[in-house]
Amino acid sequence: MNQTKIIHQNPIVRWIDARLPVFTLLQKEYGEFPTPKNFNYLWNFGALATVSLIIMIVSGVFLSMNYDPNTSQAFDSVQRIMRDVNYGWLIRYIHLTGVSMFFIVVYIHMFRGLYYGSYKAPRELLWILGVVILLLMMATAFMGYVLPWSQTSYWGATVITNLFTAIPLVGKSITTWLLGGFALGNPTLNRFYSLHYLLPFLIVAVVGLHIAALHVTGSNNPLGIDVKGPQDTLPFHPYYTAKDSVGLCVYFIVFALLVFFAPNLLNDLGNWVPANPLVTPTSIVPQWYFLPFFAILRSVPDKLGGVTLMFGSIGVLFALPWLDTSPVRSARFRPVFRPMMFLLLGDILLLGAVGAHEPIGLWILLGRFATLYYFFHFLVLLPLVGALERPLPLPVSIGAPVLGGPHDPIAPSVALGLEPRGH
């Protein structure tokens, strides 16, 4: 008996579904939805990102019940949450650790998309929505970073908001609007608190569009070829719900280890010092997930140039589906593109290391080199390699490598389903 019949045997479910077919929709999109049969565990991270978002929203709602968005009370209210509110320490550590876990999961999810060409046709809009989610995450994380009103958050917010003054003509007006005045104060904290509460729900809306786009185009797969028929797919449930559950267990184990044994491992200890506008820290370093972008910002001595490159590092991701000109999706069949991706990963890690150090001596040269290579990869190497690279022969179908079948030396455009095959 299939899952649809089991669902409709329940009279209550049947009554609701006749008036609002939500169960039928869920069954279609998450039960019977045909999914490529060759997913590896890197495909778990989309589901893990959704779980991370839910954790952040739920823990954030509980924290907001005890937080006071006032510059004279914010820091003390955070300390009261940690010390006096029942399990407040646990909720806050879950929220703090959840930010890092969320970014780790999303960055791995994006690297998987880059490696296997999930941004290529027909999934361009799917990829663009994913980049929009990343931008919203960054904005939400930055505003949440300010809320404890600690020494680190205060001066970090001062540096970041002042970056907008570099924008010609409207920069000072934008900065004044962000601050709610001419310096950080109560209006700033209230604005950031409101937006920090609102933006996660906007992320939920964009995630809904992201998932809807995925279910229209279907999922990519490690081979990067289109499914040829039912023999190449499996229903999402129970096969991938079980596989996602394994990944979820590992995720929660890592999450729990960080929360209970190393809650400040990925956080700045400056958050335990109250903000003092009269004492400037010797060094101002953002959270680890912003470090590559911070390094790009500092790689240019000109303020406007640094801001332009920092935002441009995200902007190139929007144009990625059109910068990569190769008809082959997966790096498995691209002998030049594959090592390029690991070089890009190493370059981003180097940018992170540069962002964590003072811009002096060798770190300045490394930052400029890494920034140059980052843009060189996307703007020069990708189009050039896409035009000149000779991909390896693609499999006939998803099932062929599993079954030990021969590779079909057909043109990449045909194998991707972009052109009809002759008979």
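Check region 111-133 and report whether any residue there is under 23 Å from Arg191 (Cβ atoms) and assigned to a helix (DSSP H, G or I).
Step one: filter region 111-133 for residues under 23 Å from Arg191 (Cβ atoms), giving 132-133.
Keeping just the survivors that are assigned to a helix (DSSP H, G or I) gives 132-133.
Looking for residues that are under 23 Å from Arg191 (Cβ atoms) and assigned to a helix (DSSP H, G or I), one finds at least one in region 111-133, hence yes.
Looking only at residues of region 6-40 that are of a type in the set (D, E, K, R) and surrounded by fewer than 16 Cβ atoms within 10 Å (Cβ to Cβ), we find that the one that is nearest to Arg112 (Cα to Cα) is Glu29.
Selection of region 148-164 for residues being crowded, with 22+ Cβ neighbours inside 10 Å and among the aliphatic types (A, V, I, L, M) yields only Ala157. Would you check if there is a residue in region 70-89 being touching a residue at least 24 places away in the same chain (Cβ under 8 Å), farther than 30 Å from Val131 by Cβ and part of a loop (DSSP other than H, G, I, E, B)? Among the residues of region 70-89, at least one is touching a residue at least 24 places away in the same chain (Cβ under 8 Å), farther than 30 Å from Val131 by Cβ and part of a loop (DSSP other than H, G, I, E, B), which makes the answer yes. Does Phe23 qualify as being of a type outside the set (Val, Ile, Thr) and outside the structural domain of Val227 (by TED's automatic domain parsing)? Spelling it out, Phe23 is indeed of a type outside the set (Val, Ile, Thr) and outside the structural domain of Val227 (by TED's automatic domain parsing).
Collect the residues in region 166-182 that are without any contact (Cβ under 8 Å) to a residue 12 or more places away in the chain and in contact with a helix residue (DSSP H, G or I) (Cβ under 7 Å, 6 or more places away or on another chain), keeping them in residue-number order. Even if it seems obvious, please write down each step before you answer.
Step one: list which residues in region 166-182 are without any contact (Cβ under 8 Å) to a residue 12 or more places away in the chain, which gives 169-174, 176-177, 180-182.
Answer for region 166-182, where residues must be without any contact (Cβ under 8 Å) to a residue 12 or more places away in the chain and in contact with a helix residue (DSSP H, G or I) (Cβ under 7 Å, 6 or more places away or on another chain): Gly171, Lys172, Ile174, Gly180, Gly181, Phe182.
The C-beta contact set for region 16-30 (first residue in a helix (DSSP H, G or I), second residue acidic (Asp, Glu), distance under 6 angstrom, 6+ apart or interchain) comprises Phe23/Asp17; Thr24/Asp17.
Results for (1) buried (at least 19 other Cβ atoms within 10 Å of the Cβ); (2) closer than 20 Å to Asp268 by Cβ, shown as yes or no for each residue.
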site: Thr71; (1), (2): no, yes
site: Ala74; (1), (2): yes, yes
site: Arg80; (1), (2): no, no
site: Asp84; (1), (2): no, no
site: Trp89; (1), (2): no, yes
site: Ser100; (1), (2): yes, yes
site: Phe103; (1), (2): yes, yes
site: Ser118; (1), (2): yes, no
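Can we say Ser52 is loosely packed, with under 15 Cβ neighbours inside 10 Å, at negative phi and either touching a residue at least 12 places away in the same chain (Cβ under 8 Å) or not in a helix (DSSP H, G or I) (or both)? In short, no. Going through (1) at positive phi; (2) within 26 Å of the chain's Cα centre (by Cα) one by one, Gly180 falls short only on (2). If you go through region 195-226 and keep only what is farther than 30 Å from Val328 by Cβ and touching a residue at least 24 places away in the same chain (Cβ under 8 Å), you end up with Leu195, His196, Tyr197, Leu199, Pro200, Phe201, Leu202, Ile203, Val204. Here Ser64, Ser100 are screened, and the one residue that is among the small types (Gly, Ala, Ser), over 20 Å from Val250 (Cβ atoms) and in the same structural domain as Thr152 (by TED's automatic domain parsing) is Ser64. Anything in region 159-202 that is assigned to a helix (DSSP H, G or I) and of a type in the set (Val, Ile, Thr)? List them, or say none. Of everything in region 159-202, those that are assigned to a helix (DSSP H, G or I) and of a type in the set (Val, Ile, Thr) turn out to be Val159, Ile160, Thr161, Thr165, Ile174, Thr175, Thr176, Thr188. Inspection of region 325-335 identifies at least one residue that is within 21 Å of the chain's Cα centre (by Cα), part of a loop (DSSP other than H, G, I, E, B), modelled with pLDDT of 95 or more and surrounded by 14 or more Cβ atoms within 10 Å (Cβ to Cβ).
Looking at the structure I just gave you, is Pro281 closer than 20 Å to Ala157 by Cα, of a type outside the set (A, V, I, L, M, F, W, C) and surrounded by 20 or more Cβ atoms within 10 Å (Cβ to Cβ)? No, not satisfied. Residue pairs whose Cβ atoms lie under 8 Å apart, sitting 6 or more positions apart in sequence or on different chains, and linking a residue in region 303-318 that is under 12 Å from Ala166 (Cα atoms) and part of a helix (DSSP H, G or I) to a partner that is at pLDDT 95 or above and basic (Lys, Arg), do not occur here.
When His357 is tested against (1) in a helix (DSSP H, G or I); (2) touching a helix residue (DSSP H, G or I) at 6+ places or on another chain (Cβ under 8 Å), only condition (1) is not met.
Asn221 passes every criterion in (1) more than 21 Å from the chain's Cα centre (by Cα); (2) in a loop (DSSP other than H, G, I, E, B) apart from (1).
So, Ala18, is that one under 18 Å from Pro238 (Cα atoms) and among the aliphatic types (A, V, I, L, M) or not? Spelling it out, it is not the case that Ala18 is under 18 Å from Pro238 (Cα atoms) and among the aliphatic types (A, V, I, L, M).
The values are calculated or read from the model by the stated rules, or taken from the named source; none is laboratory data. Keep in mind that this is a model prediction, so the values were computed, not measured. A quick note on method: Cβ atoms are made from the backbone with ideal geometry, for glycine too, and the neighbour counts reach across all protein chains shown.
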